[in-house]
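Enquirer: If you scroll down you'll find the structure; I have some questions about it.
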Amino acid sequence: MQRWVTTLTDMTETHVDVQASYPPPPEFSAQANATEALYDEAAEDRLGFWAAQAERLAWDTPFTEVLDWSEAPVAKWFVGGKLNVAYNCVDRHVEAGNGDRVAIHWEGEPVGDARDITYAQLKDEVCQAANTLTELGLTKGDRVAIYMPMVPEAIIAMLACARLGAMHSVVFAGFSASALKARIEDAEAKLVITTDGQFRRGKAAPLKAGVDEAIEALGDSSPVEHVLVVQRTGIEVPWTEGRDTWWHETVPNASTEHTPEAFDSEHPLFLLYTSGTTGKPKGIMHTSGGYLTQASYTHHYVFDIKPESDVYWCTADIGWVTGHTYIVYGPLSNGVTQVVYEGTPASPDEHRHFQVIEKYGVTVYYTAPTVVRTFMKWGRELAFEHDLSSLRLLGSVGEPINPEAWRWYRLVFGGDKTPVVDTWWQTETGGIMISPLPGVTHCKPGSAMRALPGISAKIVDDDGNELAPGTDHGEQASGYLVLDQPWPAMLRGIWGDPERFKETYWSRFAQQGWYFAGDGARYGKDGEIWVLGRIDDVMNVSGHRISTAEVESALVGHSGVAEAAVVGATDEHTGQGICAFVILKSHAKETSREQMVDELRAEVAREISPIAKPREIHVVPELPKTRSGKIMRRLLRDVAEGRELGDTSTLVDPSVFEAIRASK
Ligand code: WT7
């Protein structure tokens with residue numbers, strides 16, 4: 001890769017050094033939670049360091065051993081300790097005198113539909129919900145499916161499960177009834193909590209009807225005993241007497257007193273289904289003490305949280321792990337005030353996020369690169385109409401953030417001053433693993449930099465040998481990203497499938513006993529980590545290894561391109577051929593397609609190498625994405641190879657394919 005690229009977007013055309021690093025502003029460092037010393041402390045005594053982090057929590061019974069790795073790869077953290085996760089997220093803040101602090105500034109999708117919930121109110125509602133769930137026959141160890149939009153009751157339901165020691169399995173409300181059915185079935189959920197409907201760009205769409213459809217499809221073998229329904233939109237719902245219960249007719253009438261039981265540190269907390277390389281989703285299993293410790297620790301240091309003054313906003317959905325760890329368990333265990341927003345960035349128009357930041361004085365904003373690129377497409381003038389000066393820290397998660405988007409984010413959202421933390425982690429890791437510390441790290445745009453204190457990651461070759469740092473031209477072979485030491489929030493298994501757990505994560509480097517993350521990465525010249533994306537997104541063209549993310553970054557490096565997705569398609573000559581799908585910015589639409597395609601191929605050749613020139617480039621109006629913003633490359637590969645489309649149930653808008661096919 002070359003080090004000088006043309007900056008894109010609607011920033012002024014200048015040349016910037018892609019290796020330029022951004023030191024933390026001195027004012028930020030002076031007040032930061034984390035200093036360089038944190039790395040030293042962790043390096044000196046890793047387990048002692050984690051024991052100290054666990055003291056962030058309130059334990060009912062102290063633990064006697066930090067880590068038991070004797071049954072690897074299933075870890076036990078904080079052995080012998082007992083705690084209640086919900087007590088840690090709610091009650092103890094009230095007991096500490098912070099009951100009047102706002103826990104959640106909830107902003108509904110319809111403008112004006114907003115609600116503030118203090119920690120004291122949250123405690124009452126969680127207790128009422130826990131009492132109601134007990135009435136419905138729920139006990140510890142049971143599984144509960146939560147299929148809800150971003151309403152406060154969804155968070156309350158999760159905490160009520162945690163309080164009772166029942167496992168929640170949150171199913172993203174954008175998933176289809178058949179996806180819900182598969183998850184209810186696999187987890188044998190006794191209870192489903194849902195809403196009548198959900199707002200989608202101003203319109204009420206049914207949701208409870210999907211639950212009925214899923215249960216219907218399960219037939220006599222359905223494990224579901226009850227469905228608890230929150231009234232959100234007021235639309236009509238199908239109803240089964242005896243099985244279905246309204247939230248508003250039960251929860252508010254329940255007692256606000258509920259004594260939390262302390263559970264073992266390894267008591268299961270939740271299941272979260274995620275897709276693997278096969279069609280069957282995996283139920284990723286997380287437990288209590290280790291998970292909450294890492295959630296709290298990373299949230300405190302990576303986001304530099306000051307609970308007395310910060311207004312934190314993570315734009316994820318609770319249907320994904322980011323919502324679990326950085327909306328529910330991290331922020332609430334730290335007692336901070338946060339914004340929870342129900343809708344999309346474009347409802348009712350593109351100003352919404354900026355208005356929310358202004359309205360609540362958001363200080364820390366955590367989003368995904370795809371959201372940043374969407375804002376880039378809309379243009380920075382939008383942002384300049386708003387006062388965003390409350391923002392002091394920005395975060396990114398979900399995929400590699402291309403350097404241009406990183407710089408644009410810092411410039412337009414952060415007034416060219418705020419640190420930007422690019423956080424690498426996975427559903428399976430439970431919490432952030434690789435990320436800058438905002439008051440310490442000299443950040444390079446597009447790099448997640450290095451493993452957090454207490455975490456150990458390596459980039460290795462096929463045989464497990466660690467790679468050497470690259471040059472500043474990025475001329476370094478990519479390798480496998482592995483985690484070579486257990487960490488507190490690590491998954492404890494795949495629900496009902498211990499073999500798949502070992503096979504998926506622990507077989508690639510079984511001899512060394514390392515966890516293989518599935519991502520490719522390379523070291524930069526200062527030893528920093530550049531995550532290149534999933535290994536299954538790495539293409540092999542005539543024996544050359546090329547990352548889809550690198551080609552995408554090059555394409556997005558052209559001033560006319562808003563978004564790009566690249567896949568490797570089978571090619572009889574070269575093994576794989578590179579297929580690109582691009583969305584153009586409006587000003588570029590005046591250029592002829594042929595000319596654009598020529599320019600883009602030249603840009604890729606210039607940025608990476610002529611061997612990385614896409615075989616085909618399709619100009620498309622939209623890309624197929626999941627609600628979490630991930631481009632579904634598997635489906636693009638199907639299109640590129642002219643196959644029938646695979647499972648499209650997780651797509652936000654399956655109709656994008658008609659337009660994509662038409663462009664071929
Ligand atoms: C995969 C995990 C982590 C919560 C959201 C996604 C990719 C995630 C980054 C990043 C480069 C990233 C990886 C990872 N990824 N964050 N900062 N830089 N890649 O969770 O659905 O479990 O996906 O997302 O490929 O393996 P997930």
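FYI, it's all coordinate maths here, none of it is from the lab. No experiment lies behind these values; they were computed from the predicted model shown. No Cβ is skipped: glycine too gets one built from the backbone with ideal geometry, and neighbour counts run over all protein chains shown.
Enquirer: Let me spell out the model: positive unit charges on the Cβ of Lys and Arg, negative unit charges on the Cβ of Asp and Glu, origin at the Cα centre of the chain. What dipole size does that give, in debye rounded to 20?
Expert: In total the dipole reaches around 760 debye.
Enquirer: Further question on the same structure: Between the helical axis of 119-135 and the dominant principal axis of the chain, each derived from Cα atoms, what acute angle in degrees is found, rounded to the nearest 10?
Expert: The helix 119-135 is inclined about 70 degrees to the chain.
Enquirer: Which aspartates and glutamates have a Cα less than 12 Å from the Cα of LYS359, not counting those fewer than 8 places away in the same chain?
Expert: Straight-line reach from LYS359, under 12 Å: GLU107, ASP387.
Enquirer: Per residue of the range 139-151, what does 6.51 cos²θ - 1.76 cosθ + 1.60 with θ = phi - 60° give for ³J(HN,Hα)? Whole Hz please, x for Gly and Pro, Karplus curve as stated.
Expert: For the range 139-151, the Karplus curve yields 9, 4, x, 5, 10, 10, 8, 10, 10, 9, x, 7, 10 Hz.
Enquirer: Taking the highest mean first, how do the peptides 83-90, 347-354 order by number of other beta carbon atoms within 10 angstrom per residue?
Expert: Sorting 83-90, 347-354 by mean packing, highest first, produces 83-90, 347-354.
Enquirer: Measure out, as a whole number of angstrom, how far apart the alpha-carbon centroids of the range 551-591 and the range 116-194 sit.
Expert: 41
Enquirer: On C-alpha positions alone, give me the angle between the axis of helix 152-164 and the longest principal axis of the chain, in degrees, nearest 10.
Expert: Helix 152-164 sits at roughly 60 degrees to that axis.
Enquirer: Amide H neighbours of ILE617 under 5 Å, counting only residues 5+ apart in sequence or on other chains, H built in-plane at 1.01 Å?
Expert: So ILE617 has HN proximity to ALA580.
Enquirer: If you take every residue apart from LEU67 with its C-beta less than 11 Å away from the C-beta of LEU67, what net charge results, scoring Lys and Arg +1 and Asp and Glu -1?
Expert: 0
Enquirer: Kindly identify the range 431-516 as rounded, prolate or oblate by the Cα gyration tensor criterion: order the square roots of the eigenvalues as a ≥ b ≥ c, call it rounded if a/c is under 1.5, otherwise compare a/b with b/c, prolate if a/b is larger, else oblate.
Expert: Oblate, since a/c reaches 1.5 and b/c is not below a/b.
Enquirer: Starting from the amide H of ALA103, placed 1.01 Å from N in the peptide plane, find each other amide H under 5 Å away whose residue is 5 or more places distant or on another chain.
Expert: Excluding prolines and chain starts, which carry no amide H, the hits are ILE117, THR118, TYR119.
Enquirer: Right, next: What does the C-alpha gyration tensor say about the overall shape of the range 540-663? Classify as rounded when a/c is under 1.5, otherwise prolate if a/b is larger than b/c, or oblate. Kindly include the intermediate steps, with their values, before the conclusion.
Expert: Values: a/c = 1.71, a/b = 1.13, b/c = 1.51.
It comes out oblate by the Cα gyration axes.
Enquirer: Karplus couplings for the range 44-53 from phi (6.51 cos²θ - 1.76 cosθ + 1.60, θ = phi - 60°), rounded to Hz, Gly and Pro as x?
Expert: With the stated coefficients, the range 44-53 comes to 5, 8, 4, 6, x, 4, 5, 4, 5, 5 Hz.
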